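Reviewing the structure listed below.
Taken together, the values in this text are just the output of simple stated rules run on the coordinates, not laboratory data. Remember, predicted model here, so these are calculated numbers, not experimental data. When we count neighbours, we look across all protein chains shown, and the Cβ atoms used for this are built from the backbone with ideal geometry, even at glycine.
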Amino acid sequence: MPRGDRLKAKNGKLNTVGGRVRERRRSLRLTQDELQGRLGFVTDGEWAVSGQEVLNIERGLRTVLDVELLALARALECDVLWLLTG
């Protein structure tokens, strides 16, 4: 793989957690806006996530950094390992 190329999942998506983020958000009966607010809270405002970013994460169109994965797990009240592997 050439340097700087993005690693993609076998399904061509940029992350594998998006579907589980959506699944967990819906099981908590949260809107994307509510998740966005929780993410701002758990990161003390360090991650000014937009609604479009939440949508792109859920669709697998955006990579998720390790610190973002931790924030998502906190905001969704779930285990990081579950987000990664199901």
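Around Leu30, what is the net charge, scoring Lys/Arg as +1 and Asp/Glu as -1 over all other residues with Cβ under 11 Å from its Cβ? Result for the neighbourhood of Leu30: +3. Coupling constants for the stretch 23-39 follow from the phi torsions by the Karplus curve (6.51 cos²θ - 1.76 cosθ + 1.60, θ = phi - 60°), and in residue order they are 4, 5, 4, 5, 5, 7, 6, 9, 7, 4, 5, 5, 4, 4, x, 5, 5 Hz; glycine and proline get x. Computing FRET efficiency as 1/(1 + (r/R0)^6) for Glu34 and Asn11, where r is the C-beta to C-beta distance and R0 is 35 Å, gives about 0.80. The candidate values are (1) 22.7, 69; (2) 12.6, 41; (3) 19.6, 64; the one derived from this structure for Rg and Dmax of the Cα atoms in Å carries the label (2).
Among the trypsin sites (Lys or Arg not before Pro) in the stretch 5-86, which ones are in a DSSP loop with at most 14 other Cβ atoms within 10 Å of the Cβ? Mind listing them?
Arg6, Lys8, Lys10, Arg29
What do you get for GluC sites (Glu not before Pro) in the stretch 53-86 restricted to DSSP loop and a cutoff of at most 13 other Cβ within 10 Å of the site's Cβ?
Details: sites: Glu53, Glu58, Glu68, Glu77; in loops: Glu77.
Qualifying residues, ordered by number: Glu77.
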